[in-house]
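Readers should treat all values here as calculations from the given coordinates under stated rules, not as data from a laboratory. Nothing here was measured: the structure is a model prediction, and the numbers come from that model. Neighbour counts are summed over all protein chains in view; Cβ atoms, including those assigned to glycine, are modelled from backbone coordinates with ideal geometry.
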Ligand SMILES: [Ca+2]
Ligand SMILES: [Ca+2]
Ligand SMILES: [Ca+2]
Ligand SMILES: [Ca+2]
């Protein structure tokens, strides 16, 4: 009796303490190409995964049955239906109904503070919100909106949250081209109450009450960055750094948030956002013995995975070149002069073509160079300066994977070319290069976010086989934290007079 009175007295002071959704919110991602959901339990660092929906449904989460637990909803543009499910498990929709008009954006939230989420509408063509405080009836259309109001600017994307902790959700808008976020603290037309920049262009917005134990009651912004598959959560609605950063998702996924209740965990996280970081190809004449050696070496490193922070050591991987491994005698440079074939080093000779090719992929991929050594004499079939000779146990090629994602080394060859690819995620671009006929060809394609990591290189100076020469190689890497550069120098020797 006493406690009941106390509780009743409390309601008037802060009615939202009794709200069903006072728990902290978690985040998840949905793979739109497969309909697979991944919910992240941040306290247990575990993932719960299930399939719900079909590819290219628009996913969202809400509490459709008012039990305090958010579960999936989908909008399927192809048939115009909303599909709502009441548990975080695979299965059929508990409720489905016809929704809006094509291109309407579904917005799940509690817009009247009754503890139940409903699906409202943002109509981008009108920049107008239609607030609907009841769910539709099974297999029927949605009734008329309770009310509607204008808010937003053309092209901006809507999102939902309770930004003032009054127990009623509001709507905000996000300009993906700039990262601008703005919202009002009421469901009415007017000037934004809050307006700030979070994230970078291309990020996808969502909101939740992210602080764990206790929740603050205030929803704040989060963004998902498809380029690096990373979620960034901020605990307040203003300019500043993310309070939580977590790699979760990939370029196929979109973010969702909610209070998931008890989920089992133990499932695999979404696939890493891996892409081709760099590819480098060099060419050679067909059928020389050294080509056999190059191809054996290529097969020995193909598929090797370099964990974040680990180093790749080519000679450690390959080991001594022996006839037992299939290596054959081939010409080598010995003291700057060509030599073949009774020296032990001739076994497995000529593989510096492979050293040069993998070094090209390392250089243009922007990975940290630990060890490499250009040839003592300049050989025109290799890029000037950006090349590496190879012997056992030295010279060697070693790089460090200074990204947050594993790097996979892939190799391919033909009778007259050798290609090395590095797959991973450098938060940025793909660089494809080759060197043929004394010229290098480098092309850059963007992959992921708009402000991607950029690698540029420059070689000044010149060299010939006969006269030698002095070259300066410089590489710039630009990312969100700024530009860093590194310089290498190399003197090629010429023929003794
Ligand atoms: Ca529920
Ligand atoms: Ca409601
Ligand atoms: Ca509110
Ligand atoms: Ca909060």
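For the peptides 29-39, 393-403, the ranking by mean Cβ contacts within 10 Å, running from highest to lowest, is 29-39, 393-403. Between the Cα long axis of helix 352-365 and the first principal axis of the chain there is an angle of about 30°, rounded to the nearest 10. With contacts taken as Cα pairs under 8 Å at a separation of at least 6 residues, the chain carries a relative contact order of 11 percent. Helix 289-301 and the longest principal axis of the Cα set of the chain meet at an angle near 30°. For segment 275-452, the relative contact order works out to 34 percent when only alpha carbon pairs closer than 8 Å and six or more residues apart are counted. The spread of Cα positions in segment 2-258, taken along each principal axis and listed from longest to shortest, comes to 55, 44, 40 Å. Computed from Cα atoms, the angle from the helix 2-13 axis to the main principal axis of the chain rounds to 80 degrees. Ordering of 405-413, 466-474 by packing is 405-413, 466-474, highest average first (other Cβ atoms within 10 Å, averaged per residue). Measuring max minus min along each principal axis, the C-alpha atoms of segment 210-280 give extents of 51, 35, 16 Å (largest first).
Eigenvalues of the alpha-carbon gyration tensor of segment 275-452, scaled by 5 and square-rooted, set the equivalent ellipsoid semi-axes at 27, 17, 14 angstrom, largest first. Note on segment 203-248: Kirkwood radius taken over Cα pairs, Stokes-Einstein applied at 37 °C and 0.692 mPa s, translational D equal to 306 µm² s⁻¹.
Antiparallel DSSP bridges in the chain: what percent, to the nearest 5? Antiparallel bridges: around 95 percent, rounded to the nearest 5. With the convex hull drawn around the C-alpha atoms of the chain, the volume per residue stands at 177 Å³.
Estimated from helical segments only, the mean residue ellipticity of the chain at 222 nm is -2500 deg cm²/dmol, where each DSSP H run of four or more residues counts as -39500 (n - 2.57). A protection proxy built from the mean count of other Cβ atoms within 10 Å ranks the segments 223-234, 154-165, most packed first, as 223-234, 154-165. Sequence-distant contacts, meaning Cα pairs under 8 Å at least 6 residues apart, place the relative contact order of segment 2-258 at 16 percent.
Using 0.36 nm per residue and subtracting the Cα-Cα separation, the extra length available between residue 491 and residue 324 on full extension is 56.5 nm. Our compactness index for segment 48-160, the C-alpha radius of gyration over the empirical 2.2 N^0.38 Å, is 1.02.
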